[in-house]
2 protein chains.
Amino acid sequence: MGGSGGYIRLVSQSENSGAGIGAACAGSPNHLCSSTHRNGLIAVVRHQTMKRKTDSENGSAKRNHVDKPAEYTSSEIKEFFNQKLWDEKFQSQLESQVSSSQPYRWGTITDLMDPQLLKNVRNEVLSEIAFTKKETDIYKVFQSGDLANLSGLNWDDLSRLPSLYKLRAAIYSEEFRDMISGVTKCGKLSGLKTDMSINTYNKGCHLLTHDDVIGSRRLSFILYLPEPGKKWKPSYGGALRLFPAVVPNVPHTDYSAKLVPQFNQIAFFTVQPGLSFHDVEEVREDRQRLSIQGWFHIPQPGEPGYVKGEQEATEARSTLQQLQSKELQEYDFPKPVRNDFSPLEVETLLEKKTLSADETEYLSKFLNVEYLKPGNLERLQTTFLDESIVELTNIFNAEYAKVLHRSLRHTELETDTPQTSKDIQFPWKCAVPPHKQRYMYIDGTSTLDMSEKGVKFANAIGPSEAPNFSVTSQAHQLSDTDRKLCEISSFIKSRAFRKWLVQVTGLVPTSDQVLARRFRPGHDFILATTTEKDLARENELNLLLEATFNLTPTAANSKTWASGEFGGYELCMHNDDEQDEDDPAIYRGGNDDSSVLYTGQCQWNTLCLMLRDPTVLKFVKYVSVNAKGSRWDISCQWNVQGEEEAEEEN
Amino acid sequence: MGGSGGYIRLVSQSENSGAGIGAACAGSPNHLCSSTHRNGLIAVVRHQTMKRKTDSENGSAKRNHVDKPAEYTSSEIKEFFNQKLWDEKFQSQLESQVSSSQPYRWGTITDLMDPQLLKNVRNEVLSEIAFTKKETDIYKVFQSGDLANLSGLNWDDLSRLPSLYKLRAAIYSEEFRDMISGVTKCGKLSGLKTDMSINTYNKGCHLLTHDDVIGSRRLSFILYLPEPGKKWKPSYGGALRLFPAVVPNVPHTDYSAKLVPQFNQIAFFTVQPGLSFHDVEEVREDRQRLSIQGWFHIPQPGEPGYVKGEQEATEARSTLQQLQSKELQEYDFPKPVRNDFSPLEVETLLEKKTLSADETEYLSKFLNVEYLKPGNLERLQTTFLDESIVELTNIFNAEYAKVLHRSLRHTELETDTPQTSKDIQFPWKCAVPPHKQRYMYIDGTSTLDMSEKGVKFANAIGPSEAPNFSVTSQAHQLSDTDRKLCEISSFIKSRAFRKWLVQVTGLVPTSDQVLARRFRPGHDFILATTTEKDLARENELNLLLEATFNLTPTAANSKTWASGEFGGYELCMHNDDEQDEDDPAIYRGGNDDSSVLYTGQCQWNTLCLMLRDPTVLKFVKYVSVNAKGSRWDISCQWNVQGEEEAEEEN
């Protein structure tokens, strides 16, 4: 999609001061780099297409002008459904179920349709429709095309999907709309603007937390069609999970209601901006969880209940806007805050002295000595300056790596992985909110209370805390792994490591953020985001130096994660969509992958250093519940002064 | 001496923007202030003279031109001493004692003199000499005048101190000098330049750590004259204690050798710049530890061993220079480093908004609600702007203060007070080096290794640590008191407290240092220091806002510390001695106390806020071993932006 090539412009002002994100191997005779080596570029493993389309393009639902609004008679329509629906008592019970529901107004009806009709639909779909696997930062799913155009299909097509045609007519019929509108109190629903899709969630498929708010949507529904006659067990996954809001626009990180879907069951909820957050739990087993999912929209011109201007007003409250809301920034943890180095430290780093014996001694307690040899450091810098990215395999020395690996595996195998945010204990915190990210992290500060009051306290009233991993590691009841991760984080904040960083990158860091992270199977991810647009302060480049210490112990066997099947990879894309420039959290690429700049699978003991432009989108893919372990890493960002700026200053 | 008045010029550029340090009571109808109220000034309790003279003024030793170098014959001189001194075997044993001594070359001789001569000296001194109590930041002692002029006294005077006259002649005789020079290998000693004084260390007297290096001194000696015939017990105190150097110029905080002095015993050591650190332990009981103390200087012109230019070279290595040495700065802990607030936080504080309900709620968990009432805040600010100092009694609310008091008293009564630096455990550290300061503190960072290697690591190689009291309070094995002090320190670093500070002072803080401190009886003090000269960064005033939360639990009874007898008070002086402007750690005032600006005795639950000029000297007086408990406080410093600067910025 447009853009001038797949690589990042680094320093747009300067023709020769940078290239783009690539990956290169310095000192390859030393075998320090990974083996996927080609033309001096390594480890840029382009992954399968990773574009996220928003669930439906804004206003993309087709306005389906049905020639004969009553193609079926009212009694025919009613016959398509379970007859209990038309019983007043049933409707009244359903109404009270919806009105007392939590965490927001939703409801479900079992045995919704005539079962034979739905079995026919299922057979038609499975035999006639081609599904395409789609995967982005927010979902992995097999999707059919939009079904709204079914009536526009030619006879052949119609004849091959007659039951589905009936189903669609039934769902969008006045009878069903009136019933569902009545029990949900959501207001009038359009019969003209239909908006459905058929999805199959197979093993590994999932859809992360979102609120469905786009355009003129008024009511969401999902009609489930797993294998009829067999109970869909909770252990299969694929549940619909609803998230309460901490405050409007901010979902809680843990769901509070969960629906395990059965054949012929429908779930529905009113689309409420900033409230109706839900996700689809990953399907854990090799089973097909087919569903027909769609929206009722607000009435269109000419329909009963049409209100002029209502559509525009509804559309204005879009997810895009919410993602930039004040609430989201306040409830965004960890915050993208880098702590400034002291002026004295920056001055020392600007001298760009080679490493002293004492510094080398300290660094060698952690790092592979190959990365401390002046010749190798020079080669690494040359590569980094050319490519803006470099991967250093075996970054920690064998002894340190061995102890670290043993500790991480012990934690994974012998201790319970926290399953809810309440299970996450100091020094760990849970990254929130879940429509943007969820993962465990250590940031070297004290525990947060994620209630509305707690967040206000942390943001504006209480102690202003600076990260201190050294003190954190002295806290009570820390595990060996916790202490090791704090130790490495402290090491990264050492003067010696910063000097080493100057040697490798040629850049002088001036501030940092260091986070030890754990992405748990079945829980964790970061959706695509850019950095803030204006990174440069005085004398600084408008770029971030970023490092990921990849410390996933299960990746010591290189095959475990290589396929990408279990997610957990870190992916960078060029964000060339002008219209989205103001939106840091959503991208909409094309269907090609020309804008993927870098994919880093889970790795063991590998450091990836990159220089990131503010336009680059980065995400960490949701880790499958079936992954062999968590993705572990330490993620770092630094503001930097460059060569030119430093020289100007001197 | 001199200077334009006893008060600090606050903002020298601006005529009306400040006054000086005084103490004032705002809102006195609320009885929030202490009771020593006079003319709107309270609690400025001027203490007894607190000038420190350096132990001898540079080059002040008199050149005593003895008309008859041999007033006594050699055999007469020898008769004044114990005859063992002239025995070659004794001298050889003494020589090997000195050469193998630790922590530096020193020695001692028991029964030095003819005992009757020394008893006569003692009787003369006690009957004829007037002692003056002298107290500064570094000592409390009763001193006689310099005795070097004795031979110049008229007959009456000589006749009244004949034994002392003999003693002086004996000490500076060629015979004794040759002997002592021989066993110490210190080089030739002057017989012309004599330099002695008589001191009485009574109960409470002490002399803190120093290296005696001033001018042309070559050998220090102390001849002890406590009551003859009675053993001076270790429990009486008053021992000579010698400190090893961590590196040259930096004494270890704990002594490694200790001499309990007996009548007619002499101790001596070569004056070695940066090495010969020693102190005089406080005398614990009501006993008189009389001593004659002095120096042998390098040979003067005309004397054997005179080397042209040696005196100047020796003088150049003075204590004053050492105190500013690189080593001292590196080994200075805690370092005078204030951590910058985020630009966003400074921006918020510059708005100078009144306290919100949420902020007030949080503040009231700690503070006395009287100090949160807008009217009182206004009055406090008016006072502070007028006087540059304000004391807030009962700063914490009754409930919080009660719990805190109970916890502190429990710690004092039920747990062992650390006696050496090794006894001091996380989260506490020991302030060093001891020729500048010694006290326990919590700074919210991890433990320091005070070895040469450890200090280099902390300063230049290892993790760069920012204070975090919230995390510190979560460390293992913290006492309730430790946690409370961390809690208050965190509170002081809260956004709400900073906003409150703006309300009280009218100033906007931009960086802070917060230290919880404990000054233990018999151990702790801070010698007088100024701040760095240039405090102001962009938009800032060249002043520090300082706060002391006085939290000494034994001061809840106001009489306990009021006399100043037990030390522990914080004292500010105007440093008007131009010649010392480059020296941050030594002051030499006159004998009057005209330059004392503020004395704050140990108090309970009182906050003192002051605006400090870079010329102001501040110290915390050594806490007597007989004090009823430790001085406890939390000490804070902030860089500040003032009203004018803030307005310019807007």
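How many residues, within segment B:168-190, are charged (D, E, K, R) and either at positive phi or not in a helix (DSSP H, G or I) (or both)?
2
Checking the conditions here, which among B:214, B:222 is open to solvent by 10 Å² or more (accessible area, probe 1.4 Å), among the aliphatic types (A, V, I, L, M) and either free of Cβ contacts under 8 Å to residues at least 12 places away in the same chain or farther than 26 Å from residue B:312 by Cβ (or both)? Steps first, answer last, please.
Values: B:214 fails: either free of Cβ contacts under 8 Å to residues at least 12 places away in the same chain or farther than 26 Å from residue B:312 by Cβ (or both).
It is B:222.
For segment A:334-346, name all the residues that are more than 11 Å from chain B (Cβ to nearest Cβ) and either assigned to a helix (DSSP H, G or I) or under 20 Å from residue B:454 (Cβ atoms) (or both).
Matches in segment A:334-346: A:346 only.
Can you pull out every residue in segment A:414-463 that is acidic (Asp, Glu) and open to solvent by less than 50 Å² (accessible area, probe 1.4 Å)?
A:443
Looking at A:469, A:491 in this structure, which one is within 12 Å of chain B (Cβ to nearest Cβ), buried (at least 21 other Cβ atoms within 10 Å of the Cβ) and within 16 Å of residue B:471 (Cα to Cα)?
A:469
Return the residues of segment A:494-512 that are aromatic (Phe, Trp, Tyr) and facing chain B (nearest Cβ under 10 Å); say none if nothing qualifies.
Across segment A:494-512, the qualifying residue is only A:497.
Kindly indicate which of A:596, A:620, A:625 is more than 30 Å from residue A:236 (Cβ to Cβ) and either modelled with pLDDT under 95 or under 17 Å from the mean Cα position of the chain (by Cα) (or both).
Going through A:596, A:620, A:625 in turn, the sole match is A:596.
State yes or no: is residue A:556 assigned by the TED database to the domain that holds residue A:392 and farther than 30 Å from residue A:255 by Cβ?
Yes; evaluated as a whole, the condition is true for this residue.
Looking at this structure, is residue A:515 more than 7 Å from chain B (Cβ to nearest Cβ) and out of contact with any helix residue (DSSP H, G or I) (no Cβ under 6 Å at 6 or more places or on another chain)?
Here the answer is yes, as residue A:515 does meet what is asked.
Which condition number does residue B:253 fail, the rest of (1) touching a strand residue (DSSP E or B) at 6+ places or on another chain (Cβ under 6 Å); (2) part of a loop (DSSP other than H, G, I, E, B); (3) open to solvent by 20 Å² or more (accessible area, probe 1.4 Å) being met?
So the condition that residue B:253 fails would be (3).
Consider residue B:485 against the criteria (1) within 11 Å of chain A (Cβ to nearest Cβ); (2) crowded, with 19+ Cβ neighbours inside 10 Å: it satisfies all of them except one. Which criterion is unmet?
(1)
Count, please, the residues in segment A:452-466 that happen to be more than 7 Å from chain B (Cβ to nearest Cβ) and in contact with a strand residue (DSSP E or B) (Cβ under 7 Å, 6 or more places away or on another chain).
Matching residues across segment A:452-466 total 1.
Touching a residue at least 12 places away in the same chain (Cβ under 8 Å), assigned by the TED database to the domain that holds residue B:416 and either open to solvent by 10 Å² or more (accessible area, probe 1.4 Å) or within 22 Å of the chain's Cα centre (by Cα) (or both): is that true of residue B:503 in this structure? Before you say what the answer is, go through the steps one by one.
Values: touching a residue at least 12 places away in the same chain (Cβ under 8 Å): yes; assigned by the TED database to the domain that holds residue B:416: yes; either open to solvent by 10 Å² or more (accessible area, probe 1.4 Å) or within 22 Å of the chain's Cα centre (by Cα) (or both): yes.
Yes.
Please verify whether residue A:539 is touching a helix residue (DSSP H, G or I) at 6+ places or on another chain (Cβ under 8 Å), modelled with pLDDT under 95 and away from chain B (no Cβ under 14 Å), treating the condition exactly as stated.
Criteria met by residue A:539.
Would you mind finding the one in A:269, A:296 that is farther than 30 Å from residue A:203 by Cβ and assigned to a strand (DSSP E or B)?
Of the residues listed, the single one that is farther than 30 Å from residue A:203 by Cβ and assigned to a strand (DSSP E or B) is A:296.
Check off (1) within 29 Å of residue B:431 (Cα to Cα); (2) at pLDDT 95 or above for residue B:326 and give me the number that stays unchecked.
Residue B:326 satisfies every listed condition except (2).
Residue B:477 versus (1) over 30 Å from residue A:356 (Cβ atoms); (2) of a type outside the set (Ser, Thr, Tyr); (3) away from chain A (no Cβ under 11 Å); (4) open to solvent by 10 Å² or more (accessible area, probe 1.4 Å): which is the lone unmet condition?
That leaves (3) as the condition not met.
Of the conditions (1) open to solvent by 60 Å² or more (accessible area, probe 1.4 Å); (2) modelled with pLDDT of 50 or more, residue B:62 satisfies every one except a single condition; which number is it?
(2)
The values are calculated or read from the model by the stated rules, or taken from the named source; none is laboratory data. Please read these numbers as outputs of a predicted model, since none were measured by experiment. Positions of Cβ are generated from backbone atoms using ideal geometry, with glycine treated the same way; all protein chains shown enter the neighbour counts. These area figures cover heavy atoms from the full protein model, side chains too; ligands, DNA and RNA do not enter into them. Shrake-Rupley method; radii C 1.70, N 1.55, O 1.52, S 1.80 Å.
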